[in-house]
Amino acid sequence: MIIETFQAGPLQCNCSIIACPDTKEAIVVDPGGDVNKIIDKLAARGLTVKYLLHTHAHFDHIMGSRELKEKTGASICLHEGDQWLYDNLQKQCGLFGFKATDTLPVDHYLKDEEIIKIGTLKTKVIHTPGHTPGSTCFSVEDKESTLLSGDTLFQRSIGRTDLWGGSMEEILKSISERLFVLDDSTTVIPGHGPNTDMWSEKRENPFFN
């Protein structure tokens, strides 16, 4: 498995590239901006991106989606619960002093427990409402287990619930019932900030201890 995470966009969202080393097919998770940077990283590894997966539709995670779709032809994928946020990208950006172009239509609505395949790699969709109604995490199983948790779970923290559609009750339930059941060795790549692991979050995350 090839995986690379880097900061992109106005709020330095963690954008990740996941790829099959055999077929060179790739997924880009949360293209929040800096599309040329993403394109360069794909080209450097000789990758062809098939899917743009979004953990949720806050502006800092979707601002590069239109341009990246136009340049690569990759499918825009989002949970339907966040369609209303996706449709209001310009309004979201305006509230924070940023500008954005209109979004393109979602190509595929992600479903809980769905498997997204690229080459020999399988990525499972885990619906984790709380930060937003349509928040999802992506579990990639290879020799090592990796979770892309978006803004649901952070190193020793959780996502905000005071924004549009947020719910503290739901995010705590999503993490405890959907994420903490994953293997302790799972590497967690959050939507912002440093990586962590499931063992540490189960034992040291202050929202659960």
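At a glance:
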quantity	calculated
Answer from GLY166, GLY193 - the residue that is within 20 Å of GLN83 (Cβ to Cβ) and of a type outside the set (S, T, N, Q)	GLY166
Matching residues in the range 99-126 - criterion: being surrounded by 15 or more Cβ atoms within 10 Å (Cβ to Cβ) and modelled with pLDDT under 90	ALA100
Residue within the range 47-58 that is within 21 Å of ILE17 (Cβ to Cβ), touching a Lys or Arg at 6+ places or on another chain (Cβ under 9 Å) and among the small types (Gly, Ala, Ser) present	no
Residue list for the range 50-61, filter: part of a loop (DSSP other than H, G, I, E, B) and either touching a strand residue (DSSP E or B) at 6+ places or on another chain (Cβ under 8 Å) or of a type in the set (A, V, I, L, M) (or both)	HIS54, THR55, HIS56, ALA57
Qualifying position, being farther than 25 Å from VAL35 by Cβ, in a helix (DSSP H, G or I) and without any contact (Cβ under 8 Å) to a residue 40 or more places away in the chain, among LYS202, LYS122	LYS202
Cβ pairs under 6 Å, 6+ apart, first in the range 160-182 and at positive phi, second at pLDDT 95 or above and not aliphatic (A, V, I, L, M)	GLY165/THR132; GLY165/PRO133
Candidate set from the range 120-147 (those that are charged (D, E, K, R) and within 24 Å of ILE62 (Cα to Cα)); member that is farthest from the chain's Cα centre (by Cα)	LYS122
Residue identified as within 29 Å of TRP199 (Cα to Cα), without any contact (Cβ under 8 Å) to a residue 40 or more places away in the chain and more than 14 Å from the chain's Cα centre (by Cα) among LYS99, LYS117	LYS117
Subset tally (residues that are more than 19 Å from VAL28 (Cα to Cα) and not in a helix (DSSP H, G or I)) for the range 62-90	1
Residues of the range 14-49 classified as in a strand (DSSP E or B) and either farther than 29 Å from LYS99 by Cβ or among the small types (Gly, Ala, Ser) (or both), total	6
Residue pairs meeting the criteria (Cβ under 7 Å; at least 6 apart or on separate chains; first more than 19 Å from ILE118 (Cβ to Cβ), in the range 6-26; second β-branched (Val, Ile, Thr))	ALA8/ILE38; ASN14/THR5; ASN14/ILE189
Failed criterion for THR161 (all others in (1) assigned to a loop (DSSP other than H, G, I, E, B); (2) within 15 Å of the chain's Cα centre (by Cα); (3) β-branched (Val, Ile, Thr) hold)	(2)
Inter-residue pairs, beta-carbon under 7 Å, first more than 11 Å from TYR86 (Cβ to Cβ) and in the range 54-66, second at pLDDT 95 or above and in a helix (DSSP H, G or I), 6+ apart	THR55/HIS61; GLY64/VAL35; GLY64/ILE38
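The values are calculated or read from the model by the stated rules, or taken from the named source; none is laboratory data. It should be emphasised that the depicted structure is a prediction, and the values quoted were computed from it without experimental measurement. Here the Cβ is made from the backbone with ideal geometry for all residues, glycine too, and neighbour counts use every protein chain on show.
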